[in-house]
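Input: a single structure, listed below in structure tokens.
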Amino acid sequence: MKKIFSNKMSFFLLAVVLVWAKTYASYFMEFNLGVKGGFQQFLLFLNPFSAIIVFLGLALFAKGRISAAIILIMDAVMTLILYANILFYRFFDDFLTFSNFIQRDNLSNMQDGVFDIMNFHDVIYFLDFLILIAIMIWRPEIKAFKMSKKMASLVIVSGLALFMINLGLAEKDRPDLLSRTFDRNYIVKYLGPYNFTVYNGIETAKSESQRAYATSDDLTTAKNYTSAHYAEPNPEYFGVGKGKNIIKIHLESFQSFLIDYKLNGEEVTPFLNKLARGEENMTYFDNFFHQTGQGKTADSELSLDNSLFGLPEGAAFMTRGQNTYQSLPAILNQKEGYTSAVFHGDYKSFWNRDQIYKQFGVDKFYDAGYYNMKNENLINLGLKDKEFFSESMPMLQSLKQPFYAHLLTLTNHYPFILNEQDASLDRGTTGDSTVDGYFQTARYLDEALEQFINDLKASGLYDDSIIMIYGDHNGISENHNRAMAEVQGKEITPYQNMQNQRVPLMLHIPGKEGGVNHTYGGMIDVMPTLLHLQGIDQRNYINFGTDLFSKEHDQTVALRNGDFITPKYTSVDNTIYDTASGNTLEPNEQTKNIKERVEQQLKLSDQVLYQDLLRFHDLEDFKKVNPSLYHYGNKNSEEGSKSQKEGQ
Ligand code: GP9
Ligand code: MN
């Protein structure tokens, strides 16, 4: 026993095991990480080690008591990271980020109640510290602690190697974990709280440095572009939706090729097909495209509510969650007194929604904490759509009118699994399980939507609201071209792949007749369209899109990767096609001009986000959103029963 703690390596290893043990214990006692299956369990067991070995290993380069003292300091740093996250999580169901320190709103909310959320059992998070101090006092041999630099370096290298292995295994289970981030919960589940903090620190430093040197002059180029690109409202539509509720329904991963598609002679989405024919006074835009990048759902939300593009890498929702925005929910609130709410059967930290919605001025966020998330209600990423819609209905009805409500479905999401009792259509028969399942989950979504629209009618909301239905992005990627060729009965060429990036956009506007509208457009065009329907001129906002109903609407649709489509030309990887026939064309002056404009549009939108330029954009009739006024609770919290935004 005496020997065990009398050399440097054994003292170090003891410290590693102790810090690992409390971290691992905290996973079960404090956090709800959603660990599924043996592989994720194994990663959970493994993930604290790499950071602990590297952090504590740095002490091995020092000698004697100093090296033991550095171990204690490093232990204290990690204890601080862990315990601060534990307290923060008890308060907000989320992990602590550096932005929380920059912005301080959450932290100041926490100040008063911090002692109430401390528990007696919290002593276990400090025990290791006490044990190590006791050994330092008890073992005089510590004075003689020595280790070769080579050995110390080897320890650090093995810590780093372990991190690479950990990351490799994590990416196997969850591809693009670090490039897309998804959710802080995922990073902690796969890489542990210490690696998460380091990662978050690097990301925050990167975005702060891009922001730091920007001035209001940088905004001028973007402002000049959007002013010149402005499209006059169409008087037939301007203001027709003034004061009406807006109910925006997100069809997860829903592509337009499903509309009117028949699987074994049976319609996959009979209800949506009816809507697309113009029934229920729906206007169906059949040449509408998603413009999302790696941020997928998050990019679609960003574009729809801000008329900005997602970023070329990662999700702006994650990396630009602290930016200033001039978002549709905030504008509708300030100009027309709208209450805004988002409904989603997933946890609020996914895509950093709980932070960025505050910047958008979203008054209420009904996340998983408001729904019955019992196991049989869940499939794929979260709550089943039918359950989601029916539980949302009373919450929707409780909103102060007029409201701007956004409901995000989830069942039609990769891996497109459905329980037998929920399936009313056979699976596809291509042998590709993603594609085959897609039809079933799309049918389920179609049924859920029909039920919801019926409920809206029964409640009287339907007639008095603008209803907008949209698909957020493709559900079937190019990895499934073989099966898709079978489904569509044609080869999936680059041109056909572009055709497949169509997602439905449908608008029910009270007093307007439905029908099919062939205008080409994309997600950045939605905000200007909705503003003009409200009778709010879009001219002064930094919007990269234009009103779909305007006679001057720009029908060039830029995709996030720089490809584009217009009624005449399609450009994929710099090859130009005739949009109608799919035949290749030689590039001409016109296509070169369009290409340049597309590149400029994407570049300027990126600058607005990277440099946080909207903070310089003062508008006479718009007050900057103050995120600290918004609190999102859950059904049990106080905030659940009272209005979530202060002062409402
Ligand atoms: C998660 C959901 C899905 O909450 O919105 O996001 P996606 O994977 O489609 O980007
Ligand atoms: Mn999505």
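Note on K143: lysines with a C-alpha under 23 Å away, same-chain residues under 8 apart excluded, are K2, K3, K8, K63. With each label modelled as a point 7 angstrom along the Cα→C-beta vector, the Y414-N454 pair spans 3.4 nm. The listed peptides 278-284, 305-311, 291-297, ordered by packing as a protection proxy, come out as 305-311, 291-297, 278-284 (highest mean of other Cβ atoms within 10 Å first).
Among the GluC sites (Glu not before Pro) in the stretch 297-357, those placed in a DSSP loop whose Cβ has at most 16 other Cβ atoms within 10 Å are E313. Distant-in-sequence amide contacts of I417, defined by a placed amide H-H separation under 5 Å and a gap of 5 or more residues or a different chain, comprise N380. Directionally averaged projected area (the chain, Cα convex hull): 31.5 nm². Here the gap between H518 and R65, fully extended at 0.36 nm per residue and compared with their Cα-Cα distance, gives a gain of 155.5 nm. Against the chain, whose longest principal axis comes from its Cα atoms, helix 64-92 is set at around 40 degrees. If R0 is 41 Å, the Cβ-Cβ spacing of S628 and T215 corresponds to a FRET efficiency of close to 0.95. Taken as Cα centroids, the stretch 185-243 and the stretch 486-543 sit 22 Å apart, rounded to the nearest whole angstrom. A simple packing score, the average count of other Cβ atoms within 10 Å per residue, orders the peptides 416-424, 503-511, 176-184 as 503-511, 176-184, 416-424, with the highest score first.
To check you understand DSSP bridge types, tell me what percent of the beta bridges within the chain (both residues inside) are antiparallel, rounded to 5. Of those bridges, close to 50 percent are antiparallel. Based on alpha-carbon centroids, what's the gap between the stretch 417-485 and the stretch 263-296 in Å, whole number please? If we compute the Cα centre of each part, the gap is 10 Å.
Taking a straight Cα-Cα cut-off under 26 Å and skipping sequence neighbours fewer than 8 places away in the same chain, the lysines within cross-link reach of K595 are K223, K296, K551, K568, K603.
For the residue pairs K384/K512; K364/K624; K262/K457, the alpha carbons lie more than 25 Å apart in K384/K512; K262/K457.
Look at V362, V54, V198 and count the other Cβ atoms within 10 Å of each Cβ; fewest to most, that gives V198, V54, V362. The tail of the calculated P(r) for the stretch 4-211 beyond 25 Å holds 42 percent of all Cα-Cα pairs.
Taking the fewest neighbouring Cβ atoms within 10 Å as the starting point, the ordered list for S390, S50, S349 is S390, S349, S50.
The phi torsions of the stretch 319-325, fed into the Karplus equation with coefficients 6.51, -1.76 and 1.60 and a -60° offset, translate into couplings of 8, 10, x, 9, 4, 7, 10 Hz, rounded to whole numbers, with Gly and Pro shown as x. Scanning residues 5 or more positions from Y569 or on other chains, those with amide H under 5 Å from its amide H are T579, with H placed 1.01 Å from N in the peptide plane. For the stretch 329-335, the Karplus equation 6.51 cos²θ - 1.76 cosθ + 1.60, evaluated at θ = phi - 60°, returns couplings of x, 5, 5, 4, 5, 6, 8 Hz by residue, with Gly and Pro reported as x. For the pair Q397 and F101, label points projected 7 Å from Cα toward Cβ lie 4.8 nm apart. With K and R counted +1 and D and E -1, the other residues having a Cβ less than 13 Å from that of T79 yield a net charge of -2. Residue order for T197, T575, fewest other beta carbons within 10 angstrom first, comes to T575, T197. Within a straight-line Cα-Cα reach of under 13 Å, K348 can be paired with the following aspartates and glutamates, leaving aside sequence neighbours fewer than 8 residues apart in one chain: D93, D94, D183, D367.
Once amide H atoms are built 1.01 Å from N in the peptide plane, which residues 5 or more positions from Y404, or in another chain, come under 5 Å H to H? Placed amide hydrogens put I246, T339, S340, A341 under 5 Å from Y404.
Across the stretch 563-569, computed HN-Hα scalar couplings (Karplus, 6.51 cos²θ - 1.76 cosθ + 1.60, θ = phi - 60°) run 5, 8, 9, 10, x, 9, 10 Hz from first to last residue, x flagging Gly and Pro. Computed per residue of the chain from DSSP H runs no shorter than four, each worth -39500 (n - 2.57), the mean residue ellipticity at 222 nm is -14500 deg cm²/dmol.
Each value in this text was obtained by applying a stated rule to the coordinates, not by laboratory testing. All of these numbers come straight from a predicted model, not from anything done at the bench. Ideal geometry is used to build each Cβ from the backbone, glycine not excepted, and the neighbour counts take in all protein chains shown.
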